[in-house]
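The values are calculated or read from the model by the stated rules, or taken from the named source; none is laboratory data. Note that the structure is a prediction, hence the values are computed from the model and not measured. Heads up, the Cβs are rebuilt from the backbone with ideal geometry, glycines too, and the neighbour counts pull from every protein chain shown.
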Amino acid sequence: MRLKALVAAAAMTTVLAAPGVAEAFCGFYVSGADASLFNDATQVVLMREGTRTVLTMANAYKGPPQDFAMVVPVPVVLQKENVKTLKKEIFGRLDLLTAPRLVEYWEQDPCPPPRPPMRGNWKSGPPPPTAAPAGGARRADAPSVVVEAQFTVGEYEIVILSARDATGLDSWLRTNGYKIPAGAEPHLRPYVQMGMKFFVAKVDAKKVTFDAQGRAALSPLRFHYDAEAFHLPIRLGMINSSGTQDLIVTILAPSQRYEVSNYDNVAIPTNMDVAEGAKGQFGAFYAALFDKTLEKRPGSVVTEYSWQATSCDPCPVEPLSMNELWTLGADVLPSTQANAPPSQGDAPSSPRRWRPPPQSSFVVTRLHARYGKGSAGNDLFFRAAPPITGGREVEGDDGKLENGAKPASSNNFQGRYAVRHPWKGRMACAHPQRGVWGGPPGGEDPKPVAAGDIAFAPRGTLKLDALLKGAVTDTMLAAAGPTPELSFPGAPDPDASAPFPSDTDAGAPSIDAGASIPSTPPKSGCGACTLGEGTGNAGALLAGFMALATAAARRLTKKR
Amino acid sequence: MTRSLVLVALLVAGSGAIAAASGCSQRSDDRATGSATTNASTAANATSASPSPARAAITTAMLPLNPSPLAPSHLVAGPGLDGATITETESCAGCHADAAAQWRTSAHAFGSFNNPAYRVVVDRFRKDVGKDASRFCAGCHDVALLVDGAMAADVAPNDGRAHGGITCRVCHGIDAVRPDGNGSFSVASTPIPIPRDGDAESVRLHKERMALAPLRTAQMCGGCHRAFLGAETGNVAHLIGQDDMTAWVRSGYAGNGSARVDSPFAKAECRNCHMPLEDAPRGDAAAKNGKIASHRFLGAHTWLQAMRGDADALARAKEMLRGAASIDVAVAVHADGSRTLPADGAPVKPGEAIVLDVVVRNQRVGHRFPGGTVDAQDVWIELVVRDAGGRVLADAGTQHDKGEDLTAHVMRASPVGDDGRPLLVRETEKFRTTAFDHTLGPRDAQVVRYRFDAPSTLTLPLSVTARLRHRSRNLTLQAATCANAKTPRGQQFSAAVAKRTGAPAPDPCILQPITEVAEATIALGGEIPAPDARAWQRLFDHALGMTKALQEQVDEARPSLERALALLPAAGADRARAMVMALYGAVAVREGRTDEAMKWLDGAEALAPKHAAIGRLRGEALTSVWRWTEAIAPLRASALAAPGDDAAWMRLAVAYGSAGDPAAAIEAAQRGLVLQPRDGDMLRVQSLSLDALHAPQSETDRARTAFLAFRPPDDAPQLRALCSDRVPGCALERIPVHVHPMRPAR
């Protein structure tokens, strides 16, 4: 982008009022018209292994039904083979799989013939993995032309601009009939100063279906790149939504849960019993619960799900298959690439090759942020996080269902809400066993209901207290604690030896307020030379080591 | 970048070259560490003061130039300078017997075709890329051949100019230096006044001529110890080559300590380490108190000294290497996630998988360790776990001395070619990008993780020994050199070298010496000793290494930092506390935790006021969340505190540009370009700023052309990805902190 052109275009109008541009996740929409373009909700799926990041995003566009383009700053010039479009269905499935779910339980006959209590497991495990396609080698042509790559796929005409072209971004867009309005320049300028590249996805309006509100769900776009940093540039997407915007980030990684490092993390209150009336309005119920949670812990990023990707319990939909993991990026992970058919000169069974991560090792984490119009939040920085559990039909040591998120040796956390039907029949035994929950008397398991389309759920009309059973809302929300962090038990109080920073800053960061981080650093430390008993959380750390080490161990068996 | 683009850049830039070469663009700012290769008015405008928006905006571009008619070399020879004169050293030796004797053992004396390792590379380069292009090499290796135009023809084994190396008359004739590299200096051809006994004036004139202004500066060394590749050297794109200068100039050794808050250490220039005072028993005329600055130019050239059979020189080189870097087994991470900090006495259970964090720190090398041609270096880590009876339970890297050991962590850079495959034998024209670089900057640290699977039965305590071992060049390069030496041409050169030196011909096929740079042993499974006074430092070093990890792993620096803080005495450890706090700040910066970073940095600043590193970290904390305007003040303070650090100016330039102040941005960028003329980031900011300032089109065009010529190639990420995809182990090595599995006992 030539700054002088952008500066010249800068006027007193603000981005929010500017026509012809709207912010999508980590990018913005432009069109040729003086019309308002909006992005209501964004879903992002990230797959991460080593330095490789595979990013898939699905945006919702709202604006006039004419051609427009999505412009996304990216850290590297993407090659054609780095970019794919995916079918929307996979996002739908992933959304349903990871979304908070409503289940129904029926109390079993308190006086049955003896049998073990039913504890979830309504669905069997995933089908066996299907054969994965081999990853192909990529070409490495040197960029030398104005447009690095241009190809049409689905509703998109993808144009990848090399750095040379990125400096002329605005003139390129104008030449192509798009407008960058005044006021956008300050937001774009740093990307240009830092040498970011630009990815332009031109959308053929004729290939997009608009609903009555002028909203169109665009096909998910996937691209991958290597970077030591792991963060999501959402700033552009936060500036100009039509109102409050939801961002749902799903991260898939071998043996690893993730959370954000620069906002507070909170696990959604889970294992709540709700009134039967929630069945018909579960989306609204969950939206109210989510909003209430953020009200209690403003600015937090909410963990809604963290589970092995290839299982679930209960399952609103089938868990992810290997083919779906492949579609979402496993095909370009280093471990799978290294196990692609050897190219010339490679030892086919080289010990340096990584073993592809087993299908079952993938952990899917779902993070949910919601921010207001005009907020100027910061990019999301991710960090590895220990496994957590919660939201299962599992009793703790106290005989009660587990509440909130707790450290565990593997990831099994979900937002789960239950409608329970107590036993109403006769109890003809001396010691009736109450509180054994399972399927309906008829034997047909109802499918859990997922809270889909949370961004568009009706808000502000539902009385949360009226639907929550057995406790007042605030009590329930007390379960919305911070997610366990990578901790090192036995730590001394750092304040004892250093006055900075203190743990006393209670103010949680707020995306809306533009504040950036929680003031309290992660708890860590080590009081003795040997540090405490493991909480299991660092087991994930070691699991990560093991994944790498196991892969690298193959190097031992044969020299290159 | 294309070849034509570079040519355009050079042609456009040509008009300013002569002025620069003649010294017109010398900086007047005493904070500068180099002179500018640029049009003079711009340089003066850009560098005479710190960025100040109140001054008239710069509207001229500062461009990287090559003033040399001997391009691709940047060397400018004085009129009439000839190879025979340059090669002649005996007249110098007549009065400077000690300097000459020392020099004859040096890598400088064997820097030309008389060095088999250089010859194999340059001969292949000349064959594959071209004789004219090989002037690029000659500007630093074969000045005598270069100035005679002899690089354009075959170089015969009996040509004395091919045996000259870097002679007295090269270094002592340099009268101007530019910051570019690739031989970016001018060599005077003025006659050398011969001193006469008892004639003080003749001695003065001789000294004046032989100790020209650049002689005792690091910048003079940087003229050759900074190299870059481009279209003129057969490369597809601009690429930094061996570059000891940049690492030094950004370090505390150069007085530019923006890298980190560190333990105090003395500033040092090249000559402090490579030319220490040495006895002059031969009565060298330049001796003072019986000593001269050593002309051995000691370095890590152990292979060269071994192939020459010079035991004394080899011993000196090995002695220099010992302790240059340290090694430590700093942290043990147990299967349950608990840690032992430091690792001494860490409990270990039968069958347990335990991760041992080995930390290497560059202790006293003022440039990267290993340095020089970092792609050819061969420094590696050995780790051995033994039980109480001395039985080896597991090891890693212990077979690397015999060849490539796939368990070894090797500290070298890995340039790759078009196919993403590493290039090991200095095929520089094929270098496209660097897949990974495991060498260490000055005072920097690196964490290397090893997984040890404890056997099911253990005899405790265990001992863990880590060794850092050095071999001058990788064995692939040695094999190529050895093979070349056996060719007829190789044998002719060997004979010529023997004849000229009166010593046996260098034998590159000998077993390369291996130097133990450092060693550390800890116990596992025994008593946990009380932490000693060094414990906090060990953990600081570990945390420092962890700050280089993938972003999602950086958090693992925190427990070491907390423990380090806890181990510090309550009083009398202000500097150490500031180091830890600043490093905490660095962790928070990488995690996007700006407010936390600021608090730690407040604490550090109270203990180490106005430290350049603190300003840098404050600036980075703010820029990471795009608070550009707020970031300017700390970044500016950092740049002013570390004025020779080009990266400090780059950071400031980007902040100014992002904040919408192009006038200040270009000023900062040009401050940095004076130091690093081909920095892609600063050239980009300059280009964007000139656009924004509505500079004359000729200037915007020139700036833009320069940016396009020297920006990082767009396909570099794809090439690195190819390495990951195709080359076993590459994906793992590209993870900054990765786990090497230990080899179980057989």
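Values as computed for the structure displayed
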quantity	calculated
In region A:295-309, the residues that are farther than 16 Å from residue A:366 by Cα and either of a type in the set (A, V, I, L, M) or in contact with a strand residue (DSSP E or B) (Cβ under 8 Å, 6 or more places away or on another chain) (or both)	A:297
Single match in B:158, B:182 (criterion: modelled with pLDDT of 95 or more and over 22 Å from residue B:244 (Cα atoms))	B:158
Qualifying residue in region B:645-658 (condition: more than 8 Å from chain A (Cβ to nearest Cβ), touching a Lys or Arg at 6+ places or on another chain (Cβ under 7 Å), of a type in the set (A, V, I, L, M, F, W, C) and not in a helix (DSSP H, G or I))	no
Residue satisfying all of: in region B:35-51; small (Gly, Ala, Ser), in contact with a helix residue (DSSP H, G or I) (Cβ under 7 Å, 6 or more places away or on another chain) and part of a loop (DSSP other than H, G, I, E, B); modelled with the lowest pLDDT among these	B:36
Filter result for residue B:556 (within 11 Å of chain A (Cβ to nearest Cβ), over 25 Å from residue B:346 (Cα atoms) and part of a helix (DSSP H, G or I))	no
Which numbered condition residue B:340 fails, given (1) closer than 30 Å to residue B:97 by Cβ; (2) within 14 Å of another protein chain (Cβ to nearest Cβ); (3) among the polar types (S, T, N, Q)	(1)
Scope region B:515-534; condition out of contact with any Ser or Thr (no Cβ under 8 Å at 6 or more places or on another chain) and either more than 9 Å from every other protein chain (Cβ to nearest Cβ) or surrounded by 24 or more Cβ atoms within 10 Å (Cβ to Cβ) (or both); matching residues	B:516, B:517, B:525, B:526, B:527, B:532, B:533, B:534
Strands (runs of 3 or more DSSP E) within region B:232-293 that include 3 or more residues at pLDDT below 95	B:239-243
Residue within region A:401-417 that is modelled with pLDDT under 85, in a strand (DSSP E or B) and over 24 Å from the mean Cα position of the chain (by Cα) present	yes
Options B:586, B:597, B:564: the member that is assigned to a helix (DSSP H, G or I), over 30 Å from residue B:457 (Cβ atoms) and away from every other protein chain (no Cβ under 12 Å)	B:586
Among the candidates B:209, B:161, B:169, residue that is in contact with a Leu (Cβ under 7 Å, 6 or more places away or on another chain) and outside any loop (DSSP other than H, G, I, E, B)	B:161
Hits in region B:360-384 - residues which are of a type in the set (A, V, I, L, M), part of a loop (DSSP other than H, G, I, E, B) and surrounded by fewer than 24 Cβ atoms within 10 Å (Cβ to Cβ)	B:376
Count of region B:668-712 residues which are touching a Lys or Arg at 6+ places or on another chain (Cβ under 7 Å) and farther than 26 Å from residue B:245 by Cβ	3
Strands (runs of 3 or more DSSP E) within region A:1-104 that include 3 or more residues modelled with pLDDT under 80 and away from every other protein chain (no Cβ under 14 Å)	A:21-24, A:27-31, A:38-49, A:52-62
Among the residues listed as B:704, B:651, B:711, the single one being among the charged types (D, E, K, R), in contact with a Leu (Cβ under 9 Å, 6 or more places away or on another chain) and at pLDDT 95 or above	B:651
Members of region A:420-452 that are under 23 Å from residue A:319 (Cα atoms) and either surrounded by 14 or more Cβ atoms within 10 Å (Cβ to Cβ) or among the aromatic types (Phe, Trp, Tyr) (or both)	A:438, A:439, A:445, A:446, A:447, A:448, A:449, A:450, A:451, A:452
Qualifying positions in region A:242-298 - of a type in the set (Lys, Arg), within 21 Å of the chain's Cα centre (by Cα) and either part of a helix (DSSP H, G or I) or closer than 19 Å to residue A:98 by Cβ (or both)	A:257, A:292
Residue match in region A:347-355 (condition: at pLDDT below 70 and away from chain B (no Cβ under 11 Å))	yes
Hey, residue B:722 part of a helix (DSSP H, G or I), more than 29 Å from residue B:66 (Cβ to Cβ) and within 9 Å of another protein chain (Cβ to nearest Cβ) or not	yes
Every pair of residues 6+ apart whose Cβ atoms lie under 6 Å, when the first sits in region B:611-627 and is more than 9 Å from chain A (Cβ to nearest Cβ) while the second is of a type in the set (S, T, N, Q)	B:612/B:258; B:612/B:638; B:613/B:258; B:615/B:638; B:616/B:258; B:616/B:638; B:621/B:594
Residue in region B:59-94 that is farthest from residue B:689 (Cα to Cα), counting only those that are in a helix (DSSP H, G or I) and touching a His at 6+ places or on another chain (Cβ under 9 Å)	B:92
Boolean, residue B:317 is among the hydrophobic types (A, V, I, L, M, F, W, C), touching a Lys or Arg at 6+ places or on another chain (Cβ under 7 Å) and either outside any strand (DSSP E or B) or touching a residue at least 24 places away in the same chain (Cβ under 8 Å) (or both)	no
Every pair of residues 6+ apart whose Cβ atoms lie under 7 Å, when the first sits in region B:692-704 and is closer than 16 Å to residue B:657 by Cα and more than 12 Å from chain A (Cβ to nearest Cβ) while the second is aromatic (Phe, Trp, Tyr) and not in a loop (DSSP other than H, G, I, E, B)	none
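Here is a yes/no grid of residues against (1) more than 19 Å from residue B:700 (Cβ to Cβ); (2) free of Cβ contacts under 8 Å to residues at least 40 places away in the same chain; (3) surrounded by fewer than 24 Cβ atoms within 10 Å (Cβ to Cβ):
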position: B:631; (1), (2), (3): yes, yes, no
position: B:637; (1), (2), (3): yes, yes, yes
position: B:641; (1), (2), (3): yes, no, yes
position: B:645; (1), (2), (3): yes, no, no
position: B:652; (1), (2), (3): yes, no, no
position: B:656; (1), (2), (3): no, no, no
position: B:659; (1), (2), (3): yes, yes, yes
position: B:663; (1), (2), (3): no, no, yes
position: B:666; (1), (2), (3): no, no, no
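So that you can scan it fast, the table gives a plain yes or no per residue for (1) more than 19 Å from residue B:470 (Cβ to Cβ); (2) of a type outside the set (A, V, I, L, M); (3) over 23 Å from the mean Cα position of the chain (by Cα); (4) within 14 Å of chain A (Cβ to nearest Cβ):
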{"position": "B:362", "(1), (2), (3), (4)": "no, yes, no, no"}
{"position": "B:386", "(1), (2), (3), (4)": "yes, yes, yes, no"}
{"position": "B:392", "(1), (2), (3), (4)": "yes, no, yes, no"}
{"position": "B:408", "(1), (2), (3), (4)": "no, no, no, yes"}
{"position": "B:411", "(1), (2), (3), (4)": "no, no, no, no"}
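Here's the yes/no breakdown for (1) more than 30 Å from residue B:430 (Cα to Cα); (2) surrounded by fewer than 21 Cβ atoms within 10 Å (Cβ to Cβ); (3) without any contact (Cβ under 8 Å) to a residue 24 or more places away in the chain; (4) touching a Phe, Trp or Tyr at 6+ places or on another chain (Cβ under 6 Å):
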residue: B:187; (1), (2), (3), (4): yes, no, no, no
residue: B:193; (1), (2), (3), (4): yes, yes, yes, no
residue: B:211; (1), (2), (3), (4): yes, yes, no, no
residue: B:222; (1), (2), (3), (4): no, no, no, no
residue: B:226; (1), (2), (3), (4): no, no, no, no
residue: B:238; (1), (2), (3), (4): no, no, no, yes
residue: B:263; (1), (2), (3), (4): yes, yes, no, no
